[in-house]
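Trainee: Here it is: the structure, laid out below.
Just so it is clear, none of the values below were taken in a lab; they were calculated from the coordinates. Computed from a predicted structure; not experimentally measured. Virtual Cβ from ideal backbone geometry, glycine too; neighbours counted across all protein chains shown.
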Amino acid sequence: MQLRIGYELIYSFLQPTPIILVVNVHDSRASDLVVPDRLTTEPSIPISGYRDGFGNQCHRVLAPAGRLRLAADGVIRDSGQPDRVAAAAGQDSVQDLPEETLVFLLGSRYCETDLLSQTAWQLFGGMAPGYPRVQAICDCVHNHIAFDYQNARSTRTAAQAFDERTGVCRDYAHLAIAFCRCMNIPARYCTGYLGDVGTAPPYPPGDFAAWFEAWIGGRWHIFDPRNNVPRASRILMARGRDASDVAIATTFGPNTLESFRVWTDEIPGTAD
């Protein structure tokens, strides 16, 4: 199948303001792009790019004073298959982990392993290691947190989400990531598009989604504690330690976000 993906962000700035943007489809899906998700601006301004420490594609712009529209509208091929389930995947010993996974064992801005370690071992120490343990973590987080857009807060950490029992998809991901790391399972935060393919209405407003990947059985596996079921047509944009590494837009000055739209729509007639 093919999906139309894109976004529109409209800001108002009081003065020229630098912005870092992480808004492109991840390089791992670049060959699937039929129409590239090229960043455009209104008014037209210079755009430069670089790779961050996690290999994500980033852009830099200097927003002029006044109104700025940032947008992209692309088309991507997708198998339409749900996330892979590997129930037999075992847990790697820490001493056997690849070096590039070790940073994802450590605490980070939103994932306080030091605060949650005792709780994690009490809840999951008796679970079979590997995939069953990660799924048990996702089950716990899914049932523990009540999804509520009205209670979204950009500063909420994993420990606070555990205590408050409310949040949005990033809070589910942060708490599950923190629990995995406490159990010596590398886990990394993912952000991207996740449409409604294969799900029943009513559909929520379009938004970017958060999930995570855990290293078990010698490879990374997708987990989504917010939905807690395999989902189709998940389009990765960026990975990092937590949301602070992959913020969609980081602005270095006062501004007002006037409009925010995201779309992930199946194009009729393109299903296999």
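Trainee: Quote the charge dipole size of the range 94-245 about the Cα centre in Debye, to the nearest 20; the model charges only the Cβ of Lys and Arg (+1) and of Asp and Glu (-1).
Mentor: 140
Trainee: Taking 0.36 nm per residue of separation and subtracting the Cα-Cα distance, what length does fully extending T119 through R77 add?
Mentor: Working it through step by step, the gained length comes to 11.0 nm.
Trainee: Scan the range 3-44 for chymotrypsin sites (Phe, Trp or Tyr not before Pro) in coil per DSSP, keeping those whose Cβ has at most 14 other Cβ atoms within 10 Å, and list them by number.
Mentor: Within the range 3-44, no chymotrypsin sites (Phe, Trp or Tyr not before Pro) qualify (loop, at most 14 other Cβ atoms within 10 Å).
Trainee: Once you have the Cα-Cα distance between A30 and D148, take 0.36 nm times their residue separation minus that, and quote the gain in nm to one decimal.
Mentor: 39.2 nm is the gain from fully extending A30 to D148.
Trainee: What distance in nm separates the simple spin-label points at L257 and A86, each placed 7 Å from Cα in the Cβ direction?
Mentor: Taking the simple label geometry, L257 and A86 are separated by 3.4 nm.
Trainee: Further question on the same structure: Select from the range 161-268 those chymotrypsin sites (Phe, Trp or Tyr not before Pro) which occupy a DSSP coil region and have at most 16 other Cβ atoms within 10 Å, ordered by residue number.
Mentor: Qualifying residues, ordered by number: F252.
Trainee: Mind listing the long-range amide H neighbours of Q57? Cut-off is under 5 Å, sequence gap 5 or more, other chains count too, H placed in the peptide plane at 1.01 Å from N.
Mentor: D27
Trainee: Right, here's the next one. Along each of the three principal axes of the Cα atoms of the chain, give the extent in whole Å, ordering the values from largest to smallest.
Mentor: On the principal axes, the chain reaches 57, 45, 38 Å in Cα extent.
Trainee: Same structure again: Got a sec? Charge dipole of the range 94-245, +1 on Cβ for Lys and Arg, -1 for Asp and Glu; which of T157, S233, F212 is way out at the positive end?
Mentor: S233
Trainee: Compare the Cα positions of A128, L116, A88 along the charge dipole of the chain (+1 at Cβ of Lys, Arg; -1 at Cβ of Asp, Glu; about the Cα centre) and return the one farthest towards the positive end.
Mentor: L116
Trainee: For the range 142-178, which trypsin sites (Lys or Arg not before Pro) are both in a DSSP coil and crowded by at most 15 other Cβ atoms within 10 Å?
Mentor: Sites meeting the loop and neighbour criteria: R153, R165.
Trainee: When the convex hull of the Cα atoms of the range 94-181 is projected onto a plane and the area is averaged over all directions, what value comes out in nm²?
Mentor: The directionally averaged projection comes out at 5.9 nm².
Trainee: Right, here's the next one. For S244 and M127 in the same chain, what is the full-extension length gain: residue separation times 0.36 nm, less their Cα-Cα distance, in nm?
Mentor: 39.1 nm
Trainee: Sticking to Cα atoms, compute the Rg of the range 94-245 to one decimal and its Dmax as the biggest Cα-Cα distance, whole number, in Å.
Mentor: Final numbers for Rg and Dmax: 14.5, 47 Å.
Trainee: Still on this structure: Taking every DSSP beta bridge that has both residues in the range 57-213, what percent is antiparallel when rounded to the nearest 5?
Mentor: 75
Trainee: Could you tell me the ratio Rg/Rh of the range 1-95? Both radii from Cα atoms, Rh via Kirkwood.
Mentor: A ratio of 1.12.
Trainee: Further question: Taking +1 at the Cβ of each Lys and Arg and -1 at the Cβ of each Asp and Glu, which of G192, L70, P202 sits farthest along the dipole of the chain towards its positive end, judged by Cα position relative to the Cα centre?
Mentor: L70
Trainee: Restricting things to alpha carbons, find the Rg to Rh ratio for the range 157-272 using the Kirkwood radius for Rh.
Mentor: 0.99
Trainee: Over the range 57-177, what is the relative contact order in whole percent, taking alpha-carbon pairs under 8 Å and six or more residues apart?
Mentor: Relative contact order for the range 57-177 comes out at 23 percent.
Trainee: Okay, moving on. Pairs of Cα atoms under 8 Å, at least six residues apart: use those to get the relative contact order of the chain, whole percent.
Mentor: 30
Trainee: How big is the dipole moment of the chain about its Cα centre under a simple scheme where the beta carbon of each Lys and Arg is +1, that of each Asp and Glu is -1, and everything else is neutral? Debye, nearest 20, please.
Mentor: 280
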